[in-house]
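Trainee: Quick one: the structure is below, and I'll ask about it shortly.
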Amino acid sequence: MGIKCPPEDRSYRDGLNLGAQNGPYPLAGLDLARNWARLGLPGTVQIDITNNIHSRLFTGPAKYSSNSLPTKSPTADPLPPPPTLPLPPPSSVFQGLPPPFSQRHSYSCCSMASLPLKKNYRCETVLQQFYGGGPLVVSSDGSFIACSCGDSINIIDSSNASIKSTIEADSDTITALALSPDDNLLFSAGHSRQIRVWDLSTLKCLRSWKGHDGPVIGMACHASGGLLATAGADRKVLVWDIDGGFCTHFFKGHKGVVTSIIFHPDSDKYLLFSGSDDATVRVWDLLAKKCVATLERHFSTVTSLAMSEDGWTLLSVGRDKVVNLWDLRDYSCKMTVPTYEVVEDVCIIRPGTLFASFLSSYIHQTKKKTSGSSDIYFITVGERGVVRIWNSDCAACLYEQKSSDVTFSSDSEESKRGFTAAMTLPLDQGLLCVTADQQFFFYTPVELSDKKSELILSKRLVGYNEEIVDMKFLGDEEQYLAVATNLEHVQVYDLGSMSCSYVLAGHSEIILCLDTCISSMGRILIVTGSKDNNVRLWDAESRSCIGVGTGHMGAVGAIAFSKKQRNFFVSGSSDHTIKVWSLDDLSDGVEQPINLKVKAVVAAHSKDINSLAVAPNDSLVCSASQDRTACVWRLPDLVSVVTLRGHKRGIWSVEFSPVDQVVITASGDKTIKMWSITDGSCLKTFEGHTSSVLRASFLTRGAQIVSCGADGLVKLWMVRTSECISTYDKHENKVWALAVGKKTEMFATGGSDAHVNLWYDSTASDKEEAFRKEEEGVLKGQELENAVTDADYTKAIQIAFELRRPHKLFELFARLCRKRKAEQQIENALHGLGKEEFRQLFEYVREWNTKPKLCHVAQAVLFQLFNILPPTEIIEIKGIAELVEGLIPYSQRHFSRIDRLVRSTFLLDYTLTGMSVIEPNSDAQQVKSNSLIRSDESSANEQADLNSEKAAPKKRKSQKALNGSQKKVKSADHTKAAAISLQA
C-alpha cells in the first residue's frame with residue numbers, strides 16, 4: 001500500500017497504516033479513507049489496494065461520511081486548512097447490491113462511473129472453414145483460389161483466406177475443378193456426374209450436362225478456352241465443346257481410374273495427356289481422334305503431369321517414388337529420377353522467374369552440364385512434407401528443406417502424407433503447397449546473408465479446423481491469437497493477416513485448455529492442458545516447449561496463469577484435483593523441457609473441474625466444477641475460503657472481478673451469477689440465455705459482462721441493472737471459447753462451427769455515424785422541402801427515397817395524381833430510380849394498396865411501373881414474387897368494389913331518367929318531340945280517368961276520387977316538367 005504523505009511529520013504515516021493488514025485480499029480503501037479523514041491531511045492520497053489490484057487518486061482532505069468518526073484535524077502541529085473537496089461519489093455500478101457490499105466497495109469503484117460503457121460491438125469473422133480437402137485451382141493472376149468445401153465451392157482471397165463468394169453445388173460433393181484461361185468461367189464436377197459451367201461474375205450456372213458413367217476425377221481447359229477435357233473413374237477421357245455442351249472426343253483405353261489430365265500448353269498443338277492408376281500415361285491426338293502413344297515406365301498410380309517450357313518434354317510422377325521425363329518427339333523416356341518418397345505433385349520452374357534466380361546459388365555446386373543440353377528444373381512434393389528442387393540433367397536434388405513445416409497427426413499413416421498438391425503462383429508470388437490436413441503453405445525464396453537462398457514459409461492458411469475449444473490473446477499488443485482446436489497442437493494466428501504464424505506440437509492427445517501471460521522477465525509464455533493428463537509450458541519466442549508437468553490422473557480441462565507475480569500457474573483436472581505449478585526453475589536457453597514442480601495440490605470437487613481463475617493479486621484461486629459448485633481457495637497452500645452454491649447445473653466458467661471482491665460464474669442452468677467472496681452470497685443473477693452459458697468475462701473494469709453459450713449467442717450485460725443491452729447471433733453452434741483483450745478490450749469468440757469472430761467496440765463510431773446521418777437527414781429534409789416548393793417532383797421523389805420516408809413519398813405521388821397529365825409526370829419521376837429504389841417502391845405500393853383511402857394512388861403508381869419496366873427487369877427485382885402475391889388479392893378486392901359502384905351508378909341513371917330529372921343523351925329536336933308526346937299522353941290519360949270515375953258505382957266513388965286526385969297531381973307534375981324542358 002503506497003501512500004504519499006508530507007515529509008514534515010512522520011506520525012501521519014504511522015496513523016495511515018491503521019487497518020492496512022486485513023487478510024490476503026484486503027479492502028484497504030475504506031480503512032485508508034477513514035484514517036485519512038480522521039487525520040484531515042491535505043495533498044494527494046494514492047490508494048494501492050494490496051498487490052496492485054487497483055489505484056485511485058484523491059485530492060484534498062478526505063471527509064469520511066460516517067457520523068461515528070471525527071472529521072477535525074489533530075491538535076498537534078496542525079497544517080493550514082486546505083479548500084474542502086469531498087470524495088468522489090460512489091460508483092453506480094453496484095447500487096443494486098446489498099447495502100454492506102455497496103458500502104464496502106464505494107471507494108474502490110469511485111472512478112468507474114467515468115469510464116465509457118460499451119453499447120455495441122462490430123463483428124468481423126477472421127477464421128472460418130473454407131477448404132475441406134479435394135480439388136482446388138488458382139486464378140491466372142493468383143488473386144483468388146477456387147476450392148471445394150463439402151458440397152459447395154468457395155472463392156477465397158489468397159492474401160487472407162477471406163471468402164469472397166460461395167457457389168452452392170446442390171448437395172453434390174465436388175471432385176474436380178478447372179478455370180478458363182481468362183478466369184471468367186469455372187468448371188466443376190462431382191459424384192453426381194453432372195458437369196457444370198459457372199459464370200464467376202454472376203455465380204450462376206450457365207449450362208450443365210452428364211457424360212461419364214462414374215465420378216469425374218480430373219478436368220483441364222484448353223488454352224483457347226473452347227474445349228474442356230474430363231477424366232473419370234469409368235476409365236474414359238472425354239472432350240467437350242464448352243459453348244455447345246456436346247462431346248467432341250470420346251477416348252477409351254485406360255484400364256483403371258484416370259487420375260490426372262492436361263492439355264498441351266501450346267494452343268496450336270491439339271494433344272491431350274492422361275495418367276491413370278494402371279501406371280500408364282496416354283497421349284491423345286485430338287485431330288486424329290486416337291491414342292498416339294502409351295507411356296509405360298511407372299509401377300504405381302500416376303499422380304501428376306507437367307509440361308516443360310519448350311513443350312517437348314513431359315514429366316510424370318507417381319506413387320512409385322520416381323519422376324519420368326518423356327521426349328514428345330519419339331515418346332521415349334529420356335530419364336528416370338528417383339525421389340525415394342511418394343510424390344503427389346510436380347511443378348516446372350520457368351526461366352526468368354523468382355525460383356530460377358533462387359537456384360543460381362545451388363547450380364554451381366553441381367557438376368557442369370554437358371554442352372548443348374537444356375536443363376529442366378522442377379519441384380516435387382510428397383509424403384515427407386518437404387519441398388525439393390531437381391535438375392533433369394544430372395538427376396540431382398539441388399535443394400531440399402531441412403525440416404518439414406507440416407504438423408503430422410498421430411492417428412494413422414494415411415494422415416501422414418504431407419503435401420497432396422503444389423503449384424507455382426504467377427507473377428513471382430511463390431509456391432503454394434497443400435497439406436493432407438487442409439492447410440495452404442505459401443513459400444517465398446529469400447536470400448540469406450551467406451549469399452544462399454532459402455524457402456521461407458511466408459504464410460499458412462488453415463482451411464479446416466472443426467471445433468474451437470479454447471483461445472487467448474498473445475503478445476504485448478495482443479496482435480496474436482493462440483487457438484486450441486480438437487487437435488494435438490496449438491495454432492498461433494496473426495490477427496493482421498489471419499495467417500497461422502506457427503504451431504506448437506508436443507501433446508499426444510487433444511488440447512482442452514490454454515492460457516497466456518508475459519513473465520516477469522518479459523518472456524511470452526503459453527501453458528496448455530490436454531487429454532494426455534499433462535500440462536506443457538511453451539515459449540512463444542523460441543516456439544518450443546520449455547516445461548512439462550505430469551501427475552494428473554485425468555484430462556486437464558482448466559488452467560490459469562498467475563496474474564501479478566506470474567511465477568506459477570494452476571491446473572484443474574477430471575481427477576477432481578487442483579495443482580499449483582512453480583515456474584521458479586525456468587531459465588533462458590533451455591534446450592530440453594524441464595519437469596515442472598508442484599507446490600500444492602488439493603482434492604477440490606466431486607466431479608470434473610471445468611474452469612479456474614486466479615485473483616488479480618494472486619492471493620486466491622476459484623475453481624468451477626460439474627458438481628454445481630464453485631470453490632474459492634487461498635494461495636499458495638490451497639486452503640478453502642468459501643464454497644459458492646446455488647447453481648442447478650454444472651458450472652462452466654468462473655472469473656474474478658478486476659476491481660472488487662466478487663466472482664461471476666456461468667452455468668448449464670442458463671444463468672450467470674455474481675458472488676461475494678467474503679461470505680459466499682449470491683449478489684446478482686443474469687438471465688437471458690436459452691441454453692447453457694459456457695463462458696463469461698468482465699469488461700469495462702468490472703462494469704459490464706460479456707457471455708456466450710450453447711445457443712450460439714453472445715450477450716453484453718450491464719452489472720448495475722443486470723440487463724442485457726446487446727445480443728449478437730454470429731455463430732451457428734455452441735460458442736466454447738471467449739478471449740478478452742486486456743489492453744484493447746476487444747474480444748474473440750469461437751465454437752463448434754469452427755468460426756473465430758473478432759469483436760471491436762463500435763460505440764463511439766456508431767455514435768458519430770448516427771450524428772452524421774442525423775445531420776445529413778436534416779440537410780436532405782430541407783432540400784426535399786425546397787424541391788416541393790419549386791414543384792420539382794422528380795428530385796423530391798428521389799430525396800424521399802434516400803431518406804426512406806414513405807408517407808412523404810405518398811404525398812408527392814398524390815399531388816402528381818391531382819395534376820394535369822399526371823401519368824406523364826409520374827413516368828418522368830420514375831425514370832430516375834434504380835433497381836433498389838424500384839424494389840422499395842413496390843414494397844411501399846403494397847402497403848398503400850391495403851388501405852382503401854390510399855389505393856387509388858397505389859394503383860396509379862403501379863400502372864406506371866408496369867408500363868415503364870419490361871417483364872425481364874421486373875422478374876430480376878429481389879423478392880418480386882412475394883410483393884406481387886401481396887398486391888394481387890387487395891387489387892382484386894378494389895376492382896370488385898369499383899365494379900359494384902359502377903353498376904350502382906347505372907341504376908341511379910335509370911331512376912333519374914325515369915323521373916325526368918336528367919335527360920338521355922339525344923339531340924334537341926328529339927328531346928322536344930318526346931316532351932310533347934309525353935304531354936299529350938298525360939292529358940289523354942287524365943280525361944280517361946275522369947270518364948271512368950263518373951261511370952263507377954257510388955260506393956267506390958270516394959276511393960276512385962282519391963286515386964283520381966293522386967293521378968291529377970302526377971300528371972300536373974309531368975306537365976310542369978315537360979314545360980320546363982321545352983323552355984330549356
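The values are calculated or read from the model by the stated rules, or taken from the named source; none is laboratory data. Given the structure is predicted, the values throughout are model-derived calculations rather than measurements. We place every Cβ from the backbone using ideal geometry, glycine too, and count neighbours over all the protein chains shown. Just the protein is used for accessible areas: all its heavy atoms, side chains included, with ligands, DNA and RNA removed. Shrake-Rupley method; radii C 1.70, N 1.55, O 1.52, S 1.80 Å.
Trainee: Name, by its number, the condition in (1) among the β-branched types (Val, Ile, Thr); (2) out of contact with any Leu (no Cβ under 7 Å at 6 or more places or on another chain); (3) part of a strand (DSSP E or B) that does not hold for THR678.
Mentor: (3)
Trainee: Would you say ALA540 is among the small types (Gly, Ala, Ser), assigned by the TED database to the domain that holds LEU504, surrounded by 19 or more Cβ atoms within 10 Å (Cβ to Cβ) and within 24 Å of TYR480 (Cβ to Cβ)?
Mentor: Working: among the small types (Gly, Ala, Ser): yes; assigned by the TED database to the domain that holds LEU504: yes; surrounded by 19 or more Cβ atoms within 10 Å (Cβ to Cβ): yes; within 24 Å of TYR480 (Cβ to Cβ): yes.
Yes.
Trainee: Quick test for you: out of GLU885, GLU827, GLU837, GLU843, pick the one residue that is open to solvent by 70 Å² or more (accessible area, probe 1.4 Å) and either charged (D, E, K, R) or in a loop (DSSP other than H, G, I, E, B) (or both). Break it down stepwise before answering.
Mentor: Working: GLU827 fails: open to solvent by 70 Å² or more (accessible area, probe 1.4 Å); GLU837 fails: open to solvent by 70 Å² or more (accessible area, probe 1.4 Å); GLU843 fails: open to solvent by 70 Å² or more (accessible area, probe 1.4 Å).
Checking each option against the conditions leaves just GLU885.
Trainee: If you don't mind, there's one more thing I want to ask. Do the conditions hold for VAL469, that is, is it under 29 Å from LYS734 (Cα atoms), open to solvent by 10 Å² or more (accessible area, probe 1.4 Å), touching a Leu at 6+ places or on another chain (Cβ under 8 Å) and touching a residue at least 40 places away in the same chain (Cβ under 8 Å)?
Mentor: Details: under 29 Å from LYS734 (Cα atoms): yes; open to solvent by 10 Å² or more (accessible area, probe 1.4 Å): yes; touching a Leu at 6+ places or on another chain (Cβ under 8 Å): yes; touching a residue at least 40 places away in the same chain (Cβ under 8 Å): yes.
Yes; evaluated as a whole, the condition is true for this residue.
Trainee: When you scan segment 787-806, do you find a residue that is within 20 Å of LEU887 (Cα to Cα) and part of a helix (DSSP H, G or I), even just one?
Mentor: Yes: one or more hits.
Trainee: Go through segment 324-352 and give me each residue that's in a loop (DSSP other than H, G, I, E, B) and either touching a His at 6+ places or on another chain (Cβ under 6 Å) or open to solvent by 40 Å² or more (accessible area, probe 1.4 Å) (or both).
Mentor: Result: ARG329, ASP330, TYR331, TYR340, ARG350, PRO351, GLY352.
Trainee: So CYS433 clears everything in (1) under 25 Å from the mean Cα position of the chain (by Cα); (2) crowded, with 23+ Cβ neighbours inside 10 Å except one condition, right? Which one?
Mentor: CYS433 satisfies every listed condition except (1).
Trainee: Looking at the structure I just gave you, is LYS730 modelled with pLDDT under 95 and in a loop (DSSP other than H, G, I, E, B)?
Mentor: Spelling it out, LYS730 is indeed modelled with pLDDT under 95 and in a loop (DSSP other than H, G, I, E, B).
Trainee: To continue, here is another question. Determine whether segment 487-506 contains at least one residue that is assigned by the TED database to the domain that holds LYS599 and under 29 Å from LEU638 (Cα atoms).
Mentor: Checked against the condition, which is being assigned by the TED database to the domain that holds LYS599 and under 29 Å from LEU638 (Cα atoms), segment 487-506 yields no hits at all.
Trainee: May I pose another question? Which one is surrounded by the fewest Cβ atoms within 10 Å (Cβ to Cβ), of the residues in segment 117-172 that are more than 28 Å from PRO215 (Cα to Cα) and among the acidic types (Asp, Glu)?
Mentor: The extreme case among them is ASP141.
Trainee: Please list, ordered by residue number, the strands (runs of 3 or more DSSP E) wholly in segment 186-278 having 2 or more residues that are closer than 15 Å to ALA176 by Cβ and either basic (Lys, Arg) or open to solvent by 10 Å² or more (accessible area, probe 1.4 Å) (or both). Walk me through it before giving the result.
Mentor: On the way: elements: 194-199, 204-210, 216-221, 227-232, 236-241, 247-252, 258-263, 271-276.
Of the strands (runs of 3 or more DSSP E) lying wholly inside segment 186-278, those with at least 2 residues that are closer than 15 Å to ALA176 by Cβ and either basic (Lys, Arg) or open to solvent by 10 Å² or more (accessible area, probe 1.4 Å) (or both) span 194-199, 204-210, 216-221, 236-241, 258-263.
Trainee: Could you grab me the full set of residues in segment 846-875 that are farther than 17 Å from ALA822 by Cα and either polar (S, T, N, Q) or surrounded by fewer than 13 Cβ atoms within 10 Å (Cβ to Cβ) (or both)? Talk me through it step by step, then tell me what you get.
Mentor: Step one: of segment 846-875, the residues farther than 17 Å from ALA822 by Cα are 846-853, 869-875.
ASN849, THR850, LYS851, PRO852, LYS853, PRO870, PRO871, THR872, GLU873, ILE875, listed by residue number.
Trainee: Select from segment 297-323 the residues that are in contact with a Lys or Arg (Cβ under 8 Å, 6 or more places away or on another chain), touching a residue at least 24 places away in the same chain (Cβ under 8 Å) and in a loop (DSSP other than H, G, I, E, B) and list them in ascending order.
Mentor: Those that are in contact with a Lys or Arg (Cβ under 8 Å, 6 or more places away or on another chain), touching a residue at least 24 places away in the same chain (Cβ under 8 Å) and in a loop (DSSP other than H, G, I, E, B): THR301, GLU309, GLY311.
Trainee: What number of residues within segment 723-741 satisfy the criterion of being touching a Cys at 6+ places or on another chain (Cβ under 7 Å) and open to solvent by less than 30 Å² (accessible area, probe 1.4 Å)?
Mentor: Count: 3.
Trainee: Is at least one residue of segment 636-656 closer than 26 Å to MET471 by Cα, in contact with a Lys or Arg (Cβ under 6 Å, 6 or more places away or on another chain) and either among the hydroxyl-bearing types (Ser, Thr, Tyr) or assigned to a strand (DSSP E or B) (or both)?
Mentor: Yes, segment 636-656 contains a residue that is closer than 26 Å to MET471 by Cα, in contact with a Lys or Arg (Cβ under 6 Å, 6 or more places away or on another chain) and either among the hydroxyl-bearing types (Ser, Thr, Tyr) or assigned to a strand (DSSP E or B) (or both).
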